[in-house]
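Worksheet for the structure shown next.
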Amino acid sequence: MSMREEILTVKELAKYLKMDEYTVYRLARKGVLPGVKIGGEWRFKKDLIDKWIEEKSLNKGKQKL
């Protein structure tokens with residue numbers, strides 16, 4: 001599986017984003033993080049997470065001060 005197709009667990013995503021696992025669960029439940037629940041467990045496509053980070057970074061720069 002290539003990096004672009006990589007699927008991450010909550011634990012892996014928390015490590016990747018350098019945040020607490022509880023925060024990943026909370027953001028996923030709220031629909032803030034792009035993920036899907038499969039068999040009762042959250043999974044995240046790394047390329048969608050990277051795209052989400054990029055979009056958030058771009059939008060932050062456009063906010064008025």
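Where a number appears in this text, it was derived from the coordinates with a stated rule and is not lab data. None of these values were measured; they are calculated from a predicted model. With ideal geometry, Cβ positions are generated from the backbone for all residues, glycine too; neighbour counts draw on all protein chains shown.
The calculated 222 nm mean residue ellipticity attributable to helices in the chain amounts to -16500 deg cm²/dmol, summing -39500 (n - 2.57) over DSSP H runs of n ≥ 4 and dividing by all residues. Counting only alpha carbon atoms, the long axis of helix 46-62 and the longest principal axis of the chain meet at about 20°.
Its Cα centre serving as origin, the chain has a Cβ charge dipole (Lys and Arg +1, Asp and Glu -1) of approximately 340 debye. Match the structure shown to one of the listed values [x] 12.0, 36; [y] 13.9, 42; [z] 12.6, 43 of Rg and Dmax of the Cα atoms in Å, computed from it, and give that label. Given [x] 12.0, 36; [y] 13.9, 42; [z] 12.6, 43, the calculated one carries the label [z].
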